[in-house]
1. Measuring from centroid to centroid over Cα atoms, what is the spacing of the stretch A:46-107 and the stretch B:62-107 in Å?
2. At a Förster distance of 25 Å, what's the computed FRET efficiency of residue B:52 paired with residue B:88, Cβ-Cβ distance as r, to 0.05?
3. Which percentage, to the nearest 5, of the DSSP beta bridges contained in chain A is antiparallel?
4. Relative contact order of chain A, please, whole-number percent, based on alpha carbon pairs below 8 angstrom and at least 6 residues apart.
5. Beyond 25 Å, how much of the Cα-Cα pair distribution for the protein assembly as shown remains, as a whole percent?
6. Which shape class applies to the stretch A:42-82: rounded if a/c is under 1.5, otherwise prolate when a/b exceeds b/c and oblate if not, where a ≥ b ≥ c are the square roots of the Cα gyration tensor eigenvalues?
7. With all pairs of different alpha carbon atoms counted, what Kirkwood hydrodynamic radius in Å does chain A show?
8. Taking the alpha-carbon set of the stretch B:19-68, what are its Rg and Dmax in Å?
C-alpha cells in the first residue's frame with residue numbers, strides 16, 4: 001500500500017455543485033496534514049492546513065479522520081476557477097514528508 | 001516580495017552534461033527542499049535542508065547533489081544528466097527548523113528540464 005493515496009480523477013462536476021475528495025494515509029503516526037492546489041504547469045500552492053477538529057475557509061472544508069486514516073476536502077458551490085489538481089501532503093513520523101499524486105477536478109458550465 | 005525564485009525556468013541538456021538549478025527565497029525561511037514531479041508519480045523529495053549548514057537525502061537522491069550556500073540559497077546539481085532525470089523540478093521553503101515538516105511549504109514556479 002502506498003503511504004499516501006489519492007483518486008486521480010478527473011472529477012467532472014457542473015458549476016455550483018459540491019464535490020469532495022479524500023486522501024488516505026498508511027502511517028498512523030502521521031502528524032500534519034495539508035491540501036495544496038496545483039494549476040496546470042504551475043507550482044503547488046497551499047490551500048489549507050487540516051486540523052484535528054476540522055476547519056473551513058470560505059467554500060472549502062477540510063477534515064481529518066484519524067481512525068480511518070484519511071483527510072478530506074469538500075468544495076461547495078464549485079466555480080470554474082476551482083478547476084485544478086488538488087494534492088494532499090502528509091507528514092509522517094520522523095519528519096517524513098509525502099505528497100499524494102493529486103486529484104484532478106474539472107468544473108464545467 | 002518574490003517568495004521562492006528558481007532559475008532557469010526551462011533547460012534542455014544532452015546526456016552526460018552537468019548543470020546546477022538555482023533556488024533562492026526571501027522569506028527568511030530556515031528549511032528548503034528540492035522536489036521532482038513526474039506524471040503519475042506526484043512530488044518526490046530529492047534533498048532537503050532543515051537549516052543552514054545541513055542537508056539530507058530525501059526519497060530519490062541518486063544522481064543529484066545539493067548545496068545550501070547560505071540561508072537564502074539552495075542549489076541542486078546534476079553531475080551527469082540522464083534521460084530519467086527529465087522532469088519538472090520544484091524548490092520549496094518553510095519557516096522553521098524544529099518540526100519543519102509540520103509546516104506548510106512555499107514553492108517556486110519550477111524548472112522544466114529535458115535530457116536528450
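Where a number appears in this text, it was derived from the coordinates with a stated rule and is not lab data. From a predicted model like this one, the values you see are computed outputs, not experimental measurements. Glycine gets a Cβ as well: all are built from the backbone with ideal geometry, and neighbour counts include every protein chain shown.
1. Cα centres, the stretch A:46-107 to the stretch B:62-107: 23 Å.
2. Working: r = 26 Å, r/R0 = 1.05.
Taking R0 as 25 Å, the efficiency between residue B:52 and residue B:88 is 0.45.
3. Numbers: 36 of 40 bridges.
Antiparallel bridges: around 90 percent, rounded to the nearest 5.
4. 38
5. Details: 10253 of 25200 pairs.
Cα-Cα pairs of the protein assembly as shown separated by over 25 Å account for 41 percent.
6. Values: a/c = 2.19, a/b = 1.60, b/c = 1.37.
Prolate.
7. Details: mean 1/r = 0.0719 Å⁻¹.
For chain A, inverting the mean 1/r across all distinct Cα pairs yields 13.9 Å.
8. 11.4, 33
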